[in-house]
Amino acid sequence: MEILIIFKTRNQTLRCANFLRSAGYAASVIDTPLRLYGSCTLSVRCDRAAFSYFYGSAHMFPSFVGAYESSGGKYTRIF
């Protein structure tokens, strides 16, 4: 399952992707699906392990909006 981490700013989106990659997790920057509101149009795609790592440091990203899990083309908010 993939997780999308959503931010209000592009700067923090890119910073988060680099943060996860530097810790050894696979993370990519993708266009945010239109049905997910409140973002800068970019989001970080990662797996659950990377999100767990991010979760412990979410306070470092004040523009963090939320996280969604993708399953069969549907997105469910998980945080």
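Taking θ as phi - 60°, what are the ³J(HN,Hα) couplings along segment 67-79 by the Karplus curve (6.51, -1.76, 1.60), each to the nearest whole Hz, with x for Gly and Pro?
10, 10, 9, 9, 8, x, x, 10, 10, 10, 5, 10, 7
If I stretch the segment between Ser71 and Arg15 completely, what's the gain in nm (0.36 nm per residue apart, minus their alpha carbon distance), one decimal?
Result for the pair: 17.6 nm of gain on full extension.
For Glu2, which sequence-distant residues (separation of 5 or more, or a different chain) have an amide H within less than 5 Å of its own amide H, given hydrogens modelled in the peptide plane?
Ser70
Which option, (i) 27, 13, 9; (ii) 20, 13, 12; (iii) 17, 14, 11, is the value of semi-axes √(5λ) of the Cα gyration tensor in Å that was calculated from these coordinates?
Among (i) 27, 13, 9; (ii) 20, 13, 12; (iii) 17, 14, 11, the one calculated here is (iii).
Taking 8 Å as the Cα distance limit and 6 or more residues as the minimum spacing, I'd like the relative contact order of the chain as a percentage. Walk me through the intermediate numbers first.
Values: 143 pairs, mean separation 32.6, N = 79.
Rounded, it is 41 percent for the chain.
Using a 1.4 Å probe on the protein heavy atoms, what percent of the accessible area of the chain belongs to carbon and sulfur?
53 percent
Are there any trypsin sites (Lys or Arg not before Pro) in segment 10-79 that are in a DSSP loop and have at most 14 other Cβ atoms within 10 Å? List them by number.
Listed in order of number, the matching sites are Arg35.
How many Å² of accessible area per residue for the chain, probe 1.4 Å?
56 Å²
Go ahead and estimate [θ] at 222 nm for the chain from helices alone: -39,500 (n - 2.57) per DSSP H run with n ≥ 4, summed, over the residue count, rounded to 500.
Counting only the DSSP helices, I get -8000 deg cm²/dmol.
The values are calculated or read from the model by the stated rules, or taken from the named source; none is laboratory data. Every value quoted in this text rests on a predicted model; they were computed, and no experiment measured them. Note that we place each Cβ from the backbone using ideal geometry, even for glycine, and neighbour counts take in every protein chain shown. Only protein heavy atoms, including side chains, enter the accessible area calculation; ligands, DNA and RNA are left aside. Shrake-Rupley method; radii C 1.70, N 1.55, O 1.52, S 1.80 Å.
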